[in-house]
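Enquirer: For reference, the structure I am asking about is given below.
The values are calculated or read from the model by the stated rules, or taken from the named source; none is laboratory data. Every value quoted in this text rests on a predicted model; they were computed, and no experiment measured them. With ideal geometry, Cβ positions are generated from the backbone for all residues, glycine too; neighbour counts draw on all protein chains shown. For the accessible areas, the whole protein counts, side chains as well, though only heavy atoms, and no ligand, DNA or RNA atoms are used. Shrake-Rupley method; radii C 1.70, N 1.55, O 1.52, S 1.80 Å.
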There are 2 protein chains.
Amino acid sequence: MSTATPAAAGTPVSVARSQPADHAAVRRHNLGLVLRLLRSGGPRSRAGIAVATGLNKATVSSLVAELESRGLVRDVGTDRERRLGRPATLVELDGRGVLAIGLEVNVDFLSVLVTDVAGREVHSRTRPIDARHHSLDAIVALLVELSEEGVSIAGPTRRAVTGCTVAVPGVVDVDAGVVRIAPNLGWHDVPFAAVLGAALGAELAVTVDNEANLAALAEHRVGQHAGVANLLYVIGEVGLGGGIVVDGHLVRGASGFGGEIGHMTMERDGLRCNCGSRGCWETLVALPAVLRAAVPDRADELAADENLSPEDKIRIVAERASSGDAVALAALRDVGEWLGVGLANLFHVLNPDIVVLAGIYPVVAEWVVPVATEVLAEQTLGHAGRSCPVVVSSLGFSAAARGGAIHAAERVFDDPLCVPVLSDQKEPS
Amino acid sequence: MSTATPAAAGTPVSVARSQPADHAAVRRHNLGLVLRLLRSGGPRSRAGIAVATGLNKATVSSLVAELESRGLVRDVGTDRERRLGRPATLVELDGRGVLAIGLEVNVDFLSVLVTDVAGREVHSRTRPIDARHHSLDAIVALLVELSEEGVSIAGPTRRAVTGCTVAVPGVVDVDAGVVRIAPNLGWHDVPFAAVLGAALGAELAVTVDNEANLAALAEHRVGQHAGVANLLYVIGEVGLGGGIVVDGHLVRGASGFGGEIGHMTMERDGLRCNCGSRGCWETLVALPAVLRAAVPDRADELAADENLSPEDKIRIVAERASSGDAVALAALRDVGEWLGVGLANLFHVLNPDIVVLAGIYPVVAEWVVPVATEVLAEQTLGHAGRSCPVVVSSLGFSAAARGGAIHAAERVFDDPLCVPVLSDQKEPS
């Protein structure tokens with residue numbers, strides 16, 4: 001399994017790499033450089049920062065002062081390892097007062113997860129909801145309530161919120177802040193970043209992204225297999241979504257359709273998909289297909305029941321399989337095979353280090369994963385798919401909201417100047 | 001169409017971004033920084049370099065002296081735009097004496113393309129060969145001959161060769177320098193970088209990569225659509241290969257199987273593929289499938305004829321289609337459809353800005369491209385595939401060798417110290 005390159009810890013700004021940069025951009029870059037160094041390497045003296053970054057000591061002192069004035073770093077103790085000269089004061093990543101908000105809008109729940117800049121969770125909550133029966137305004141009002149509750153729980157230490165990133169089950173143009181298509185919410189071309197931003201307060205940076213992308217980001221940063229360079233995240237619920245990490249970076253593509261793997265055609269004459277095409281991967285392996293094949297006697301009833309979550313419904317399938325029901329077992333074998341075929345296709349495109357399955361799959365993993373793993377190996381060139389483990393997600397429901405908070409916090413590392421100066425401090429010269 | 005981010009101009013080394021770096025690594029990084037700046041932005045004064053990079057002037061002077069001592073930059077004229085103070089000397093990217101070699105091994109030809117560090121072509125040659133009837137040693141000997149000829153043609157100005165990157169039609173573990181599988185050459189686990197490196201001379205850095213990857217790199221850097229962030233390169237010959245650029249970087253995956261798109265399963269009960277699976281994309285759209293369907297009366301004879309290149313063979317199909325032959329026209333329509341279905345699948349994974357078709361497809365473009373374009377739009381979520389033009393390559397046969405030279409030259413920008421000091425110069429202090 002290949003490991004992440006240094007760049008995987010965050011996209012380098014590389015202001016001065018291939019195009020000219022002005023002084024302000026260089027300073028911003030260097031502030032981020034110092035902050036990332038402290039995040040990944042722990043506390044360090046100013047002299048140690050200078051050695052590690054190649055910046056001169058006067059510059060480092062000025063950068064540290066700037067970061068300190070914004071509550072992002074603080075002095076802690078002295079370096080006891082130091083044997084010669086006077087002991088040096090160590091600087092560490094602080095940022096406890098600077099919060100990042102991750103939100104998720106899903107068909108049957110809303111979630112919030114708040115962390116500080118160092119990634120420490122300070123609050124999380126999931127609230128059941130039937131999003132299809134709520135207006136956009138009602139959903140926005142609930143999200144504002146959840147966010148404000150989350151931030152207020154952080155209490156008096158809170159002094160800035162760096163941003164809010166919200167996950168939605170749909171295709172998102174991240175740069176434009178627009179949800180292009182979210183079929184299960186009935187949204188088309190919704191300028192969600194602007195709408196939510198206005199409701200949350202104009203000063204807050206709001207980003208919208210696809211739920212699977214943000215969940216993949218969370219898997220890549222804090223999941224059980226964090227740090228692998230190439231990760232494929234596959235989530236099955238009513239639909240089938242994907243999040244792709246290549247060389248440590250999320251693949252969104254030109255306009256947000258990257259990772260919409262549920263709509264790969266697997267059978268040109270297959271079943272009609274919600275998207276209008278035939279034989280999409282999701283018509284074979286997402287929840288409706290599993291219910292139809294595994295519990296044919298209850299499939300219609302379950303599909304219509306809005307009080308049960310996808311996980312409640314797949315648990316019924318798991319119970320039948322556990323009891324040895326031949327129909328359920330055959331259906332899960334089919335699902336495992338089709339999962340394997342699709343994963344083999346993706347292996348030939350992306351060659352991931354690992355595949356992480358989420359949503360309904362962890363519940364039926366014992367029947368589905370071994371079959372998918374076998375087919376993935378069989379159907380790949382030279383059986384190379386053997387090298388790619390298929391595992392289930394350990395992050396559960398909070399994955400997308402956690403990815404949102406990680407994404408929102410990242411803004412501080414890209415531009416530490418987005419955090420205001422502490423009120424009792426002067427802007428350093 | 002999205003444009004490339006700054007990082008697209010070359011992978012940042014980011015030595016100091018997320019992990020500590022030693023002084024030598026920082027200096028190497030900064031030397032590369034200056035060199036890239038001069039490549040992308042043209043001549044600049046030392047003071048201008050300091051401003052653009054954020055490095056101090058003393059450091060810049062020392063870096064420029066180091067680069068000068070290696071023939072990578074040179075002083076040219078003075079800055080006439082400057083109004084105050086004494087005129088500043090401008091520094092420009094030189095490197096005319098430092099060569100990069102791109103090679104290609106294909107089933108029916110070997111190619112060499114030599115450039116200098118600034119990308120100026122100094123030599124190129126293609127030599128027909130039937131690689132299947134040559135031993136590995138014989139192929140290596142021919143490649144050495146081609147390389148030496150290419151370098152000697154550069155004449156007395158040549159003083160260093162930065163490296164050699166060789167393209168092969170197969171799955172390559174680039175880090176290990178091993179060709180894992182090259183079915184059409186009959187190679188398995190060939191340590192080609194080591195073998196070729198030993199033959200070329202131990203001091204030369206030799207890299208092996210997949211032909212479609214290197215061709216995609218060339219398309220991304222110097223092709224007609226150079227600079228788009230996300231490019232999908234699809235080449236059809238005896239097999240079907242792909243090269244993927246995401247956010248300006250090649251996608252090789254964990255072990256070199258990235259871009260092996262010809263082995264995506266399109267029909268689980270389809271034709272047997274050379275790889276052992278059934279219904280791979282290449283069984284539907286690569287040359288053998290086209291010949292079988294379009295010229296059934298001559299398919300066996302053409303498949304067996306080793307004196308004709310894939311391009312010679314596809315031209316026979318194009319001639320029939322031009323003359324209105326219904327069988328050929330129907331076959332090409334089918335090929336266009338299957339190309340479109342596969343491209344739609346890849347659109348849902350990668351969402352490229354553009355698809356570039358190469359190999360046999362440019363020859364039959366007028367029949368195949370409109371159909372593929374139509375199906376790509378039809379089969380994508382919200383017809384989003386409409387935003388992705390399908391075009392044919394303008395680089396032709398030399399694409400992979402050119403990509404090899406680009407890759408080999410890149411080494412100088414990553415580590416300018418790989419170029420030796422000029423013999424009449426002292427190592428700068």
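Enquirer: Which members of the range B:257-269 meet the condition of being touching a residue at least 12 places away in the same chain (Cβ under 8 Å), open to solvent by 10 Å² or more (accessible area, probe 1.4 Å) and more than 7 Å from chain A (Cβ to nearest Cβ)?
Expert: B:Glu267
Enquirer: Further, regarding this structure: Is it the case that A:Val245 is at negative phi and either away from chain B (no Cβ under 14 Å) or touching a Cys at 6+ places or on another chain (Cβ under 7 Å) (or both)?
Expert: Judged against the criteria, A:Val245 is not a match.
Enquirer: With the condition kept exactly as written, say whether any residue in the range B:33-42 is more than 10 Å from every other protein chain (Cβ to nearest Cβ) and open to solvent by 50 Å² or more (accessible area, probe 1.4 Å).
Expert: No, because not a single residue in the range B:33-42 is more than 10 Å from every other protein chain (Cβ to nearest Cβ) and open to solvent by 50 Å² or more (accessible area, probe 1.4 Å).
Enquirer: Something else: Which condition breaks for A:Glu203 when tested against (1) away from chain B (no Cβ under 13 Å); (2) surrounded by 20 or more Cβ atoms within 10 Å (Cβ to Cβ); (3) of a type in the set (Asp, Glu)?
Expert: (2)
Enquirer: Can you pull out the residues in the range A:225-245 that are touching a strand residue (DSSP E or B) at 6+ places or on another chain (Cβ under 6 Å), over 30 Å from A:Lys313 (Cβ atoms) and of a type in the set (A, V, I, L, M)?
Expert: A:Val228
Enquirer: Looking only at the range B:319-330, count how many residues are touching a residue at least 40 places away in the same chain (Cβ under 8 Å) and either of a type in the set (Phe, Trp, Tyr) or open to solvent by 20 Å² or more (accessible area, probe 1.4 Å) (or both).
Expert: The qualifying residues number 0.
Enquirer: Which residues, taken from the range A:270-280, are more than 9 Å from chain B (Cβ to nearest Cβ), out of contact with any Cys (no Cβ under 7 Å at 6 or more places or on another chain) and part of a loop (DSSP other than H, G, I, E, B)?
Expert: A:Gly270, A:Leu271, A:Asn274, A:Gly279
Enquirer: Only one of A:Asp108, A:Asp94 is at pLDDT below 90 and buried (at least 18 other Cβ atoms within 10 Å of the Cβ). Can you tell me which?
Expert: Being at pLDDT below 90 and buried (at least 18 other Cβ atoms within 10 Å of the Cβ) holds for just one of A:Asp108, A:Asp94, which is A:Asp108.
Enquirer: Residue check: is A:Ala167 under 26 Å from B:Gly385 (Cβ atoms), of a type outside the set (Phe, Trp, Tyr), out of contact with any Phe, Trp or Tyr (no Cβ under 8 Å at 6 or more places or on another chain) and surrounded by 18 or more Cβ atoms within 10 Å (Cβ to Cβ)? Give the derivation first.
Expert: Numbers: under 26 Å from B:Gly385 (Cβ atoms): yes; of a type outside the set (Phe, Trp, Tyr): yes; out of contact with any Phe, Trp or Tyr (no Cβ under 8 Å at 6 or more places or on another chain): yes; surrounded by 18 or more Cβ atoms within 10 Å (Cβ to Cβ): yes.
Taking the combined requirement at face value, the residue satisfies it.
Okay, residues lined up against (1) open to solvent by less than 10 Å² (accessible area, probe 1.4 Å); (2) outside any helix (DSSP H, G or I):
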| position | (1), (2) |
| --- | --- |
| A:Arg292 | no, no |
| A:Asp297 | no, yes |
| A:Glu311 | no, no |
| A:Ile314 | yes, no |
| A:Val317 | yes, no |
| A:Gly342 | yes, no |
| A:Pro352 | yes, yes |
| A:Val355 | yes, yes |
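Enquirer: What number of residues in the range B:179-200 are touching a residue at least 40 places away in the same chain (Cβ under 8 Å) and open to solvent by 60 Å² or more (accessible area, probe 1.4 Å)?
Expert: 2
Enquirer: How many residues are touching a Pro at 6+ places or on another chain (Cβ under 8 Å), buried (at least 21 other Cβ atoms within 10 Å of the Cβ) and modelled with pLDDT under 90 when one looks only at the range B:48-89?
Expert: Total satisfying the criteria: 1.
Enquirer: Among (1) within 14 Å of another protein chain (Cβ to nearest Cβ); (2) modelled with pLDDT under 95; (3) touching a Pro at 6+ places or on another chain (Cβ under 6 Å), there is one condition B:Glu237 misses while meeting the rest; what is its number?
Expert: Failed condition: (1).
Enquirer: For the range A:217-224, does any single residue satisfy the condition of being under 22 Å from A:Gly163 (Cα atoms), among the charged types (D, E, K, R) and out of contact with any strand residue (DSSP E or B) (no Cβ under 9 Å at 6 or more places or on another chain)?
Expert: Within the range A:217-224 (the criterion being under 22 Å from A:Gly163 (Cα atoms), among the charged types (D, E, K, R) and out of contact with any strand residue (DSSP E or B) (no Cβ under 9 Å at 6 or more places or on another chain)), the answer is yes, since at least one residue qualifies.
Enquirer: Being of a type outside the set (Ser, Thr, Tyr), touching a residue at least 40 places away in the same chain (Cβ under 8 Å), within 14 Å of another protein chain (Cβ to nearest Cβ) and farther than 27 Å from B:His133 by Cβ is true for just one of B:Val174, B:Val161, B:Val151. Which residue is that?
Expert: Unique residue meeting the criteria: B:Val174.
Enquirer: Also, I was wondering about something else. How about the range A:366-398: which of its residues are over 16 Å from A:Ile354 (Cα atoms), open to solvent by 20 Å² or more (accessible area, probe 1.4 Å) and away from every other protein chain (no Cβ under 14 Å)?
Expert: Those that are over 16 Å from A:Ile354 (Cα atoms), open to solvent by 20 Å² or more (accessible area, probe 1.4 Å) and away from every other protein chain (no Cβ under 14 Å): A:Glu366, A:Trp367, A:Gly396, A:Phe397, A:Ser398.
Enquirer: What are the residues in the range B:221-234 that are out of contact with any Asp or Glu (no Cβ under 8 Å at 6 or more places or on another chain) and modelled with pLDDT of 95 or more, if any?
Expert: Once the filter is applied, which keeps residues that are out of contact with any Asp or Glu (no Cβ under 8 Å at 6 or more places or on another chain) and modelled with pLDDT of 95 or more, the range B:221-234 yields B:Leu232, B:Val234.
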